[in-house]
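**Q** Handing you this structure, nothing more for now.
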């Protein structure tokens, strides 16, 4: 029979037509091994990266993995092996293989066939099947490939299946009376497992039935010695019975059938949800056999860890016939239980009398492990304080299992870690329905979802809410939802009898160190997830900040929700824990809380200034000047300097909220500083709603605008009004800003405001006024020595001459604008100038030159990630393509530009682009589509009260009839 192509049952082997195939170095072999251990299953790139670089992957890890897979495909193909089964998926791979191709699959298939024959009573066929299956093994699984913890479950299953198969084969030989080889195999197995009483019993009985009574007696005596020496006990009843039989006497020991121990507390009758986690735990416990299984359920206060552990333990009782032990370790109490005391309690449960219990912790642990070595117990250790408390309480060998519940993570324990968090919405609804009844749940309608939202789907909170409803038949679900609506009184409502959310949270809080407790209270200030550095600032922490946050995460008081665009960790606190944190924070000294809030705002202002200094674009506005000497944490300052746009994007909601917080604290100057610094980012990304809200909020809170901050805010509002075609408002804001800057002697600010006013004049067709205003701005920039401003003014003056279709007059202004932009390193301004140079080329009848300039401008804006300005350049390229007859390219560009302009709220640009798309589709014969775009353009022009433009589009619509 031809051997499988791929061999895992021993050294990793690949062969084709009897010849070995060389796969490559350790990493390609590890990739192949991982794929073969899960044939037909999805293997993610993340898993392969973890296996190949367990100490930390390089940046090129994903690319390297793909290289190894390509090398693997090439090696297999070169050897004549089909690689059709090796499929690439978006974030990983699948290796489809049949049992004939992989020895592990073939072993499983042959083992199943052998068992089927054994069930039919066909021992001859069964024996051949077992021998055929076991004959595939050449050693331990993947014995020549460096081990990976990710493979452990699959390897353990395979090795356990082999061990069980050997035992089953021995039983078949025993029934068939095939004694000579059976004796040899039993002695070999006992060398590996000297404490297995079933193997000793089989050996004793086989020797006795073979007529080798002296050897049988000797074997029994050896079994007694080994078990006594290793475990300190005598053999079990079954093995003793075999010994009595071969020694010629019966009855020396009173045979009893002890009642199994069952210490499990009663499970809740209305258990609901957690189906996936319960199934996972049951599957884990079912694997207990040659080695014990330990599972740790960890999660936040009130997540139902104990309830789940007891529920699963009851369901698995039959799998552990020797009994179940339950111990409350008191981890959240003032005095967690000592392991030595717990061991004494469990040893008594196992039948050890007090006088036989050793005094030393190590000796008690050893005796406990010995007592469990040949038995199947399920042990539930509830409310564990730490891994140190749990470790001495774990069995060492045998078929027992342990369920541990803890509020703290215990990564050092040899265990499967099962996080227990809040319920998903359907499970939370099912739990509430199990408590109050399906009719009342159904009558609650949408109020049920309100109750669950207020409970944050935390099992304890849902259970309390359900109990309150169940005990108050006169209440509707809406009544409870209304009571829970106010966050400040929510915890008062979530208590009934002995159950209380606040008390549950307090059990964890009181064990925190002072810095960790301070950080916990600081989380009460944040309504959403927060970056670690922000909590550090809010809590006034120093170098210990990282350890403090890790402590809160280990205690499940916060959870790590991932990393942001800057690679920094972000944390989230459950809403009910946040309510408790806020309660505690409100009891702190009021002055201290006020100072810490100001520290947060000042840090945000300092970081926005760092970000603006590193921005890829130069803002045409007036930014703030360094005020309060605040130094942000080094790590975040460095990250913001490296990725300013990403930081603004990540913290946009926080920054906008901080403007409002500063105003509420009466710190209008701080609010103004932050709003002014945010305008450049809002301009770049088109966040017009945030822009308007922050600036209007601060200006409304300013009694009489009289300083540079107010002038800058007015200038920024003018720019926003201009973008959104509110020309009267824009001109009023620019003029007010210009007057205020002039009164303050702020020449650059005055010139910037003047450029804004000139832009309004140009857009509205007042070209003489525009040229005069731009020229005045240029003079003022020159007096102030502001080269960037001069570049802006030169470009603006050129725009007026282009509007007048005078390319000769515009050309020198554009040349100087381009030169100045490049001299100051302002790529964004360079792109804007090139866009105007493209118009110059068009006026001169040079379409190729125009398109080249627009493509250059678009590349710059794409590099700078400025979608706002890039949309306008795309529009210009689309118009040019349309005039040149390139309809396909024009359509793609104009549709993209229209989508961005709609998002930005630029009605004028939308009206123009929609009209262009209408013309394009009309020219290509798609009249219905053209009609839709013309209607859209007409509607926009009418909203802008642009009658002339509306009439032109209306004429185009009529031509389609």
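**Q** So what's the angle, to the nearest 10 degrees on a 0 to 90 scale, between helix 747-763 and the longest Cα principal axis of the chain?
**A** Orientation of helix 747-763: about 80 degrees from the principal axis.
**Q** Which whole-number percentage describes the relative contact order of the stretch 74-202, with Cα contacts under 8 Å and a sequence gap of 6 or more? Mind dumping the intermediate values first?
**A** Details: 81 pairs, mean separation 18.8, N = 129.
Reported as a whole number, the value is 15 percent.
**Q** Tell me the label-point distance for the pair residue 887, residue 951, using the 7 Å Cα-to-Cβ offset, in nm and rounded to one decimal.
**A** 3.0 nm
**Q** Something else now. How far, in nm, would the chain grow between residue 100 and residue 176 when pulled straight, counting 0.36 nm per residue and subtracting the alpha carbon separation?
**A** Between residue 100 and residue 176, full extension yields 24.4 nm more.
**Q** Once each part is reduced to its C-alpha centroid, what is the distance from the stretch 382-404 to the stretch 69-110 in angstrom?
**A** 40 Å
**Q** Measuring from a point 7 Å past the Cα of residue 855 along Cα-to-C-beta, which residues in the stretch 866-903 have an amide N at less than 17 Å?
**A** 873-894
**Q** Whole angstrom only: what separates the Cα centroid of the stretch 517-583 from the Cα centroid of the stretch 786-831?
**A** Value for the Cα centre distance between the two parts: 49 Å.
**Q** Ranking 176, 573 by Cβ neighbours within 10 Å, fewest first, what do you get? Could you put the intermediate results ahead of the total?
**A** Values: 176 13, 573 24.
In order of increasing Cβ crowding within 10 Å: 176, 573.
**Q** Using Cα centres only, tell me the gap between the stretch 416-454 and the stretch 150-217 in whole Å.
**A** Taking the Cα centre of the stretch 150-217 as reference, the centre of the stretch 416-454 is 52 Å away.
**Q** May I ask you to compute the full-extension gain from residue 560 to residue 958, defined as 0.36 nm times their residue separation minus their alpha-carbon distance, rounded to one decimal in nm?
**A** Values: separation 398, 0.36 × 398 = 143.28 nm, distance 6.06 nm.
Gain on stretching residue 560 to residue 958: 137.2 nm.
**Q** Shifting gears a bit: Run the quick spin-label model on residue 569 and residue 15: label points 7 Å from Cα toward the beta carbon, then report their separation in nm to one decimal.
**A** Label-label distance for residue 569 and residue 15, simple model: 5.0 nm.
**Q** Put a dot 7 Å past each Cα toward the Cβ at residue 507 and residue 584; how far apart are the dots in nm?
**A** Output for this residue pair reads 1.6 nm.
**Q** If contacts are Cα pairs under 8 angstrom and at least 6 residues apart, what is the relative contact order of the stretch 1-176 in percent? Spell out each step's value before the answer.
**A** Values: 225 pairs, mean separation 52.5, N = 176.
So the answer I get is 30 percent.
**Q** Return 574, 761 ranked ascending by Cβ neighbour count within 10 Å, so the fewest neighbours appear first. Can you show the working numbers first?
**A** On the way: 574 26, 761 21.
Result, fewest neighbours first: 761, 574.
**Q** Say R0 is 22 Å: what FRET efficiency, to the nearest 0.05, do residue 704 and residue 664 get from their beta-carbon distance? Spell out each step's value before the answer.
**A** Numbers: r = 20 Å, r/R0 = 0.93.
Taking R0 as 22 Å, the efficiency between residue 704 and residue 664 is 0.60.
**Q** Let me ask you something else. Report the gain in length on full extension from residue 470 to residue 149: 0.36 nm times residue separation, minus Cα-Cα distance, nm rounded to one decimal. Display every interim value, and only then the final one.
**A** Values: separation 321, 0.36 × 321 = 115.56 nm, distance 4.81 nm.
That pair, residue 470 and residue 149, stretches by 110.8 nm at full extension.
**Q** Right, another one. Over the chain, what relative contact order in percent results from Cα pairs under 8 Å that are six or more residues apart?
**A** On the way: 1411 pairs, mean separation 49.5, N = 961.
Here the relative contact order equals 5 percent.
**Q** To test your reading of the geometry: what angle, between 0 and 90 degrees and rounded to tens, separates the Cα axis of helix 361-372 from the longest principal axis of the chain?
**A** Roughly 70 degrees, rounded to the nearest 10.
**Q** Please list 301-311, 464-474 highest first by mean number of surrounding beta-carbon atoms within 10 Å per residue.
**A** Result, highest mean Cβ count within 10 Å first: 301-311, 464-474.
**Q** In addition: Quick one: which of 924-930, 37-43 comes out on top by average Cβ neighbours within 10 Å, and what's the full order, highest first? All intermediate terms of the calculation are to be shown ahead of the outcome.
**A** Values: 924-930: 13.3, 37-43: 16.4.
Result, highest mean first: 37-43, 924-930.
**Q** Can you tell me which of 599-609, 319-329 comes out highest on packing, and rank the rest after it, using the mean Cβ neighbours within 10 Å?
**A** Working: 599-609: 23.3, 319-329: 19.3.
In decreasing order of mean packing, 599-609, 319-329 become 599-609, 319-329.
**Q** For a Förster distance of 35 Å, can you work out the FRET efficiency between the beta-carbons of residue 131 and residue 67, rounded to the nearest 0.05?
**A** Numbers: r = 42 Å, r/R0 = 1.21.
Computed FRET efficiency for residue 131 and residue 67: 0.25.
**Q** Tilt of helix 827-843 relative to the longest C-alpha principal axis of the chain, in degrees (0 to 90, nearest 10)?
**A** So the helix axis and the longest Cα principal axis differ by about 50 degrees.
No lab work stands behind these numbers, since they all come straight from the coordinates. Please read all numbers here as calculations on a predicted model, not as lab measurements. Cβ sites come from the backbone with ideal geometry, for glycine too, and all protein chains shown count toward neighbours.
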